[in-house]
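The structure appears right after this line, and notes come after that.
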Amino acid sequence: MIPDIGERKMKKNRIIAMLLGTALLVCGCQQTSKATDEEKKIESEKNTTKTEENAYQGKLDLITPAAYNNTDGLKLKKGDYISIIGKANGAQYWDEVKKGVAQAAEDINTNLGYTGKDKVKVAFNAPDTADNVDDQVNLLDEELDRYPVAVGISIVDLQACQVQFDLATDSEIPIVTFDSGSDYQGVAADVSTDNVAAGKEAAQRLAEEMGDSGEAVLFIQDSKSQAALQREKAVTEELKANHPNISVVNVYHMDELSNMQKTVSDEINAGTYRPKDSELPEGQLTGEDVVTADSITEDQVVDYILAKHPNITGCFAANGDSVKLAVDGLERNKMEKKVKVIGFDANDDEIQDLKDGKVNGLIVQNPFGMGYATVVAAARASLNMGNEAVVNTGYTWVTKKNLKTDEVQKILYSK
């Protein structure tokens, strides 16, 4: 039987409807898939941005007051110049400071919408030779001649730069100190670790490691900077006041090497001391056998200190360089297993020594946050916004046990 025309039309309409439904379903699936891919891309970008922010946000979070962990409200003029002067170039610690400085500059320009020649310029400079007082003073002179809107400086010598600070004051260029400050009355703010609290904790940790008794030596990076002096004083006072069974038998300042070279050579020549594995004759030296002071290396100075104090069971080292000096010396003299070491900072060598058990604990500062907050403080000073006298950038106690925790990982130096 042949279907009539009406039935054929109805069947045709049903087929068309089915085809349209299928097409709409496919189209809908494609749109859903496309939307899902787009959402994934956006979410991925958000996560990437969040990860990048988190890479340094933990360091900013340590800064108090919190007004110094961001650049909000810093309405600097186009092309303004801020000069930041450190104590050294090239070391990991100072590289972290530079990264903090650069991040603050980037944040300022982003907030203000400045690009190209309009950008606020922030430069980090430092002596090529670490802790060189004359080079730093000359550098400060050069930077003041550029008339920056503000200067931030980590001072090598507590007594240096007074004349330059007077000149800056006369030129209405505010000075902010960081890392290692000054007693100069006109400083707008000091951005640093609380070295007294950090030194006190270092002493407490050392006492704990030593079983609260025994002899200890201190290795201090210098005898002139405020930071070094504060740490040394805090450690010695804490041990004397609260750990009377621990004796500090020697303090070596690394900038007094020439004095120690003379001490060592004088004893060698007098016959009262002989370096390990020495081929020198016994007794007082004469003629060609006489040892000159400048022939004594710093390693030999450390060996001399350790030889004079063979019973030590504790060592405090006040920065990365002094930690290395102490650890290498203890290993060279086969004393590393009995002497507990507490140090400052967290360069690659120190972290490896911590993992290897050569260092028992580290007071890790926040150089990134220090660089960042110094730029903020300098900007605030140039804008007459007012500053806190002291900006605390924080520190963290780090051991082999807590090294892998999130709290510690977020404050370690970035690669």
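Taking the range 86-125 on its own, how many of its residues are within 15 Å of the chain's Cα centre (by Cα) and within 27 Å of Ala160 (Cβ to Cβ)?
18
For residues that are touching a residue at least 24 places away in the same chain (Cβ under 8 Å) and more than 21 Å from Asp321 (Cβ to Cβ), scanning just the range 178-193, find the one that is surrounded by the most Cβ atoms within 10 Å (Cβ to Cβ).
So, considering only residues that are touching a residue at least 24 places away in the same chain (Cβ under 8 Å) and more than 21 Å from Asp321 (Cβ to Cβ), the one surrounded by the most Cβ atoms within 10 Å (Cβ to Cβ) is Val191.
If you check Val251, Val217, which single one turns out to be of a type in the set (A, V, I, L, M, F, W, C), under 18 Å from Lys340 (Cβ atoms), surrounded by fewer than 21 Cβ atoms within 10 Å (Cβ to Cβ) and at pLDDT 95 or above?
Val251
Just checking, how many residues over the range 295-323 are hydroxyl-bearing (Ser, Thr, Tyr), touching a strand residue (DSSP E or B) at 6+ places or on another chain (Cβ under 8 Å) and either under 17 Å from Ser278 (Cβ atoms) or surrounded by fewer than 21 Cβ atoms within 10 Å (Cβ to Cβ) (or both)?
Looking only at that region, the number is 1.
When only residues in the range 108-136 that are among the β-branched types (Val, Ile, Thr) and assigned to a helix (DSSP H, G or I) count, which is surrounded by the fewest Cβ atoms within 10 Å (Cβ to Cβ)?
Applying the filter and picking the extreme gives Thr110.
Considering only the range 197-244, state which residues are under 19 Å from Ile312 (Cβ atoms) and among the polar types (S, T, N, Q).
Once the filter is applied, which keeps residues that are under 19 Å from Ile312 (Cβ atoms) and among the polar types (S, T, N, Q), the range 197-244 yields Gln204, Ser213, Thr236.
Against the conditions (1) within 20 Å of Leu229 (Cβ to Cβ); (2) surrounded by 18 or more Cβ atoms within 10 Å (Cβ to Cβ), where does Val196 fall short? Just the number, please.
Unmet condition: (2).
Select from the range 375-393 the residues that are of a type in the set (S, T, N, Q) and closer than 22 Å to Gly58 by Cα and write down the one among them that is surrounded by the fewest Cβ atoms within 10 Å (Cβ to Cβ).
Ranking the qualifying residues of the range 375-393, first place goes to Asn392.
Go through the residues of the range 90-97 one by one and say whether even a single one is acidic (Asp, Glu), outside any loop (DSSP other than H, G, I, E, B) and touching a strand residue (DSSP E or B) at 6+ places or on another chain (Cβ under 8 Å).
The answer is no; no qualifying residue exists.
Residues to consider are Ala234, Ala207; find the one that is in contact (Cβ under 8 Å) with a residue 12 or more places away in the chain and out of contact with any Leu (no Cβ under 7 Å at 6 or more places or on another chain).
Ala234
The values are calculated or read from the model by the stated rules, or taken from the named source; none is laboratory data. As the structure is a prediction and not an experimental result, all values here were calculated from the model. Note: ideal-geometry Cβ built from the backbone for every residue, glycine included; neighbour counts use all protein chains shown.
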